[in-house]
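Below you'll find the structure, written out as structure tokens, and then a few comments.
The values are calculated or read from the model by the stated rules, or taken from the named source; none is laboratory data. Bear in mind the structure is a predicted one, so any value in this text is a computation, not a measurement. As a convention, Cβ positions derive from the backbone with ideal geometry for all residues, glycine included, and neighbour counts pool all protein chains shown. Quick note on the areas: whole protein, heavy atoms, side chains included, nothing else; ligands and nucleic acids left out. Shrake-Rupley method; radii C 1.70, N 1.55, O 1.52, S 1.80 Å.
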Amino acid sequence: MTGPVSVPVELGERRYEILVGSGLLAEAGAHIGPLMRQKQAIIVTDETVAAHYLATLQAALQAAGIEHRSIVLAPGEQAKDFAHFQKLIEDLLDAGIERGTTLIGLGGGVIGDLTGFAAAVLLRGIDFVQVPTTLLAQVDSAVGGKTGINTRHGKNLVGAFHQPRMVLADIDALGTLSRREFLAGYAEVVKYGLIGDAGFFDWLEGHANAICEGDIAARQETVVTSCKAKAAIVAADERESGPRALLNLGHTFGHALEAAAGYGPDLLHGEAVAIGMVMAFDLSVRLGLCPADDAARVRRHILSVGLPVDVRTLEAAGLNAEALISHMGHDKKVRDGKVTFVLARGIGEAFISTDVETAAVEELLANALAA
Ligand code: NAD
Ligand code: GLY
């Protein structure tokens with residue numbers, strides 16, 4: 001692949017482009033400028049990302065004649081609580097935003113979710129642009145308009161659907177991510193293959209090494225294919241009344257594991273999703289829906305890149321099947337007391353199920369914890 005690739009998200013009047021390529025940060029003003037109501041922007045970022053990329057983005061806005069200010073937050077998930085959100089809103093109002101001001105979220109999913117939610121509620125809604133700098137944000141969180149913050153009741157329970165005006169995914173930014181953060185995003189990449197694109201999963205098996213070692217063309221192809229998959233699902237079901245729930249493959253188990261692990265640094269979201277996807281395939285085999293060979297292949301690939309596949313990784317946290325099932329009961333994906341699972345008939349053949357017997361899940365978890 002050469003040059004940037006544009007992936008459209010077809011949402012009628014709210015249609016936008018995801019631009020994926022190398023060197024895009026330095027050209028950001030030229031891409032964002034034409035979409036702006038006023039040539040006025042406020043960048044929201046975190047200290048880690050700012051140290052690497054803020055100056056480049058500021059220079060790019062300057063070059064395009066866009067007036068700009070920056071707000072730099074401390075990195076980490078704690079920025080997504082009410083107190084930090086309130087401070088951000090006050091700081092944005094202090095900065096003198098107007099209806100035509102564009103917010104630019106420069107960072108990972110935390111910055112994107114926070115900036116997007118601020119844009120959704122400030123002056124009853126202003127424009128924002130996502131400039132994702134983690135793999136997870138480029139392939140997942142920056143696309144699709146889910147924005148929000150956490151409460152003591154759980155993650156992302158307060159938020160809004162608010163689509164960005166553009167997503168600018170500069171592949172070069174992935175070069176400064178730690179391997180662990182990169183792999184956490186890779187789990188979400190694998191998810192797209194498992195949901196509906198067996199050919200992409202094949203391709204990932206052959207290219208994982210190049211992708212993880214930093215090959216720019218392979219990384220661009222990875223982000224483009226993932227964004228196309230997510231864009232198609234979001235265009236079909238923006239508000240998650242149906243097929244968008246497929247994006248939760250591995251998340252029912254994953255969220256329960258994250259909750260049990262206390263959402264701390266011991267288990268990143270993508271790592272929990274990796275274990276969760278393996279468990280979803282194992283459950284599908286147990287229910288007689290999926291060939292055992294497919295589940296084994298999923299486990300092998302996830303393990304081969306260095307992601308966890310085993311729930312026992314968390315044994316120290318005192319996990320048991322009952323506690324995990326109880327965490328699943330608190331998940332957003334519960335309807336009429338039944339947990340929604342994404343199961344699979346094979347690689348690339350995921351489907352949504354609302355009638356899984358709790359006993360089957362308990363058995364799977366008990367086996368996984370005892371293995
Ligand atoms: P993150 O935003 O916390 O970023 C991870 C770490 O990497 C941070 O410390 C950050 O400072 C650092 N970082 C970011 N870019 C970097 C770079 N290029 N080089 C070096 N360091 C860099 O975490 P994340 O994994 O990107 O996002 C997780 C968040 O995304 C969670 O809050 C989750 O709820 C949310 N999320 C939202 C959606 C959605 O649809 N809105 C989907 C999935 C996840
Ligand atoms: N990350 C899941 C979604 O956007 O729906």
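Side notes on the structure shown:
- Comparing mean-square fluctuations of 284, 304, 22 from a GNM of the chain with C-alpha springs under 10 Å, the top value falls on 304.
- Nearest-10 value in Å² for the accessible area of residue 286, using the 1.4 Å probe: 90 Å²
- When only Cα pairs below 8 angstrom with a gap of at least 6 residues are kept, region 135-207 shows a relative contact order of 29 percent.
- For the pair region 224-239 and region 258-314, the centres of their Cα atoms are 23 angstrom apart.
- Length gained when the stretch residue 87-residue 300 is fully extended (0.36 nm per residue, less Cα-Cα span): 72.2 nm
- Net charge over other residues, Cβ less than 15 angstrom from the Cβ of residue 4 (K, R count +1; D, E count -1): -3
- Take every Cα pair under 8 Å whose residues are at least 6 apart in sequence, average their separation, divide by the length of region 1-68, and the relative contact order is 32 percent.
- Three principal axis extents of the chain based on alpha-carbon atoms, in descending order, are 60, 43, 38 Å.
- Computed over the chain with a Gaussian network model linking Cα atoms closer than 10 Å, the most mobile of 214, 144, 12 is 12.
- Bridge type composition, region 41-170 - antiparallel percent by DSSP, nearest 5: 20 percent
- Cα gyration tensor, region 1-154 - rounded (a/c under 1.5), prolate or oblate: rounded
- Relative contact order for the chain, counting Cα pairs under 8 Å that sit 6 or more residues apart, in percent: 15 percent
- Counting DSSP beta bridges with both ends in the chain, the antiparallel % (nearest 5): 40 percent
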